[in-house]
Amino acid sequence: MGTNLKIHLKGGVNFRDLGGCRMADGRTVKPGLLFRSGVLDELTIEDMETLAALPVTHVLDYRDEAEMRRRPDPLWRDVQYECVPANPGFWENGASPMQLLSYTDDEWQASAFMKELYQRLPFGNPAYRRLLSWLRAPEMPRLVQHCAIGKDRTGVGSAIVLLVLGASRQTVIEDYMVTETSLAPYRERWLATMDRQRMKEKFDALVCLFSAREAFIEAALDAIESRYGGIVGYLKEEFGLDSAGRVALQARYLE
């Protein structure tokens, strides 16, 4: 896959650069252009100075309005921010971890719920259409896409970016699974606030909702394959991105 380049942010949640990811043709994603993250509201002043200096010029926030209002993004100098919710309608404005537990009683139900979410996210999604429009913008924005923990909505968004750039299915899965490790400190800190004995099976469901599992991203990739027969048809129908468009973006973002 190549190595995700490291940017240390004291208040970052699952923040990383897609730079270094290796595509099927051997090229790699240029560093300093395409970032993915969880919530940004814990960034320190020093973190924001780091992002301004890179510079990161655009922030695409996939959270619902209620989430965004609870924990608004801090913005650094000369950055353009846009919030375009990525959630499908069946859980819109209900994406906090405790709200998600209302859909599940145990780990099995949580896993089934997550797979359904991943099967729905790639299609008819205005957030990912906005992502592609920014990727194609003449000014070539240096972009961070993020949601609450940088796993589900951002996981699918990042998968789409990698597929556009020519990544193999395995590379997409490997990049997604980096989240399981990258998210761990935040996840453990949050789970430590829960009463495991009182929650019983609900706690196992919560752990599942906070986890990056291959079966989740595979559900999205399989849904794309089932509906469109592969990534070429998917990108053409969902985003109007043809072969020439893909080649242009690969020339822009790969080295």
What are the residue pairs meeting all of these: first residue in the range 197-210, first residue hydrophobic (A, V, I, L, M, F, W, C), second residue part of a loop (DSSP other than H, G, I, E, B) and crowded, with 20+ Cβ neighbours inside 10 Å, Cβ atoms under 6 Å, and 6 or more apart or on different chains?
Ala205/Thr104
Looking at the structure I just gave you, is Lys236 of a type outside the set (A, V, I, L, M, F, W, C) and modelled with pLDDT under 95?
no
Does Asp73 satisfy the criteria of being touching an Asp or Glu at 6+ places or on another chain (Cβ under 7 Å), modelled with pLDDT of 95 or more, surrounded by fewer than 22 Cβ atoms within 10 Å (Cβ to Cβ) and assigned to a loop (DSSP other than H, G, I, E, B)?
yes
Which ranges mark the helices (runs of 4 or more DSSP H) fully within the range 130-196 that have 1 or more residues being touching a strand residue (DSSP E or B) at 6+ places or on another chain (Cβ under 8 Å) and more than 22 Å from Arg27 (Cα to Cα)?
153-164, 169-182
Please find, within the range 228-255, the residue that is surrounded by the most Cβ atoms within 10 Å (Cβ to Cβ) out of those that are out of contact with any strand residue (DSSP E or B) (no Cβ under 9 Å at 6 or more places or on another chain) and not in a helix (DSSP H, G or I).
Leu241
Does the range 162-181 contain at least one residue that is of a type in the set (A, V, I, L, M), out of contact with any helix residue (DSSP H, G or I) (no Cβ under 8 Å at 6 or more places or on another chain) and either surrounded by fewer than 16 Cβ atoms within 10 Å (Cβ to Cβ) or over 21 Å from Leu121 (Cβ atoms) (or both)?
no
For a quick check of your reading of the model, give me the residue pairs whose first member lies in the range 154-177 and is more than 19 Å from Val247 (Cβ to Cβ) and without any contact (Cβ under 8 Å) to a residue 60 or more places away in the chain, whose second is among the small types (Gly, Ala, Ser) and in a helix (DSSP H, G or I), with beta-carbon atoms closer than 6 Å and at least 6 apart or on different chains.
Val172/Ala159; Tyr176/Gly155
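The values are calculated or read from the model by the stated rules, or taken from the named source; none is laboratory data. Quick caveat, the model's predicted, so the values are computed rather than measured. Note that we place each Cβ from the backbone using ideal geometry, even for glycine, and neighbour counts take in every protein chain shown.
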